Amino acid sequence: MGITTEVHDGIAEVVMDNPPVNALTVAGWFEVARQVTEAGQRQDVGAVVLRAEGRGFNAGVDIKEMQATEGFDALVGANRGCHAAFKAIYECAVPVVSAVNGYCLGGGIGFVGNSDVIVASDDATFAIPEIDRGALGVATHLTRLVPVLKARAMYFTGSTATAQELESYGSVWKVVPREQLRDAALEVAATIAAKDTRVMRMAKEAMNGIDLWDVNKSYRYEQGFTFEINLLGVADEHRDTFVEKGAKG
């Protein structure tokens, strides 16, 4: 349970297991950031696999924690934690392979959008329900997964894209049955890890250096609007509604 890392055959597996839906607390986001960073710093690691146990890959921020916390501490913590986690994946010294099962929502899009390779199960779906939760963010990462106008439509409507759609755009490397997901992710990670890690680490840095925009700065810009919505009191209304619906079952 929680966030764990296991290293074998030159691959670090960072596994999220936070029932019931793999929504992460403030501490959880920072823990992903720490473990991914430390895995990339190990000289015996040539690739990182980020995956999850349970029903889905990631359901974003733990809204119940946010609503149970007085003031803005949880909001600020979640903002900084998400930024740290996404940044850690993007700046990890070795390539990161995300293995996506089931749903990938909100912050999960940040994880995969900043990854280097995505493998998905055939039941995987991707969406950003942020607007319905009184928040904004990870459009930066969604536009790395789907064409710009598709991203706008998904963002404004909260609609879902399938793993097969993302595969057709070239952003998902491979779609496999769920029971084959871990093996498929480890297979591509093994291919990467088998190469000269001295060259691979420079290759990762070089690819980041020629990116078309600064994903870290872009995401922080988006987060500013989330904070404004909170200051206006609008976000609390939406989060309270979400928590009440969950309590009613």
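The values are calculated or read from the model by the stated rules, or taken from the named source; none is laboratory data. Please read these numbers as outputs of a predicted model, since none were measured by experiment. Cβ: placed from backbone, ideal geometry, glycine included. Neighbour counts: every protein chain shown.
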*asked:* Report every pair of residues separated by at least 6 positions or lying on different chains whose Cβ atoms are under 7 Å apart, first residue within segment 103-123 and in contact (Cβ under 8 Å) with a residue 24 or more places away in the chain, second acidic (Asp, Glu).
replied: Gly106/Glu130
*With respect to Gly77, is the statement that it is surrounded by fewer than 21 Cβ atoms within 10 Å (Cβ to Cβ), touching a helix residue (DSSP H, G or I) at 6+ places or on another chain (Cβ under 8 Å) and either in contact (Cβ under 8 Å) with a residue 60 or more places away in the chain or among the aromatic types (Phe, Trp, Tyr) (or both) true?*
no
*Select from segment 72-83 the residues that are under 16 Å from Met16 (Cβ atoms) and over 11 Å from the mean Cα position of the chain (by Cα) and write down the one among them that is modelled with the lowest pLDDT.*
Ala78
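So which helices (runs of 4 or more DSSP H) are wholly in segment 181-249 and hold at least 1 residues that are in contact with a Leu (Cβ under 7 Å, 6 or more places away or on another chain) and surrounded by 15 or more Cβ atoms within 10 Å (Cβ to Cβ)?
Where helices (runs of 4 or more DSSP H) fall fully within segment 181-249 and carry at least 1 residues being in contact with a Leu (Cβ under 7 Å, 6 or more places away or on another chain) and surrounded by 15 or more Cβ atoms within 10 Å (Cβ to Cβ), they are 215-231.
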*Please specify each residue of segment 105-132 satisfying the condition of being in contact with a helix residue (DSSP H, G or I) (Cβ under 6 Å, 6 or more places away or on another chain), of a type in the set (A, V, I, L, M, F, W, C) and more than 25 Å from Glu205 (Cβ to Cβ).*
Ala120, Ala124, Ile128
_If I go through segment 140-165 residue by residue, how many of them are touching a Ser or Thr at 6+ places or on another chain (Cβ under 7 Å) and free of Cβ contacts under 8 Å to residues at least 24 places away in the same chain?_
2
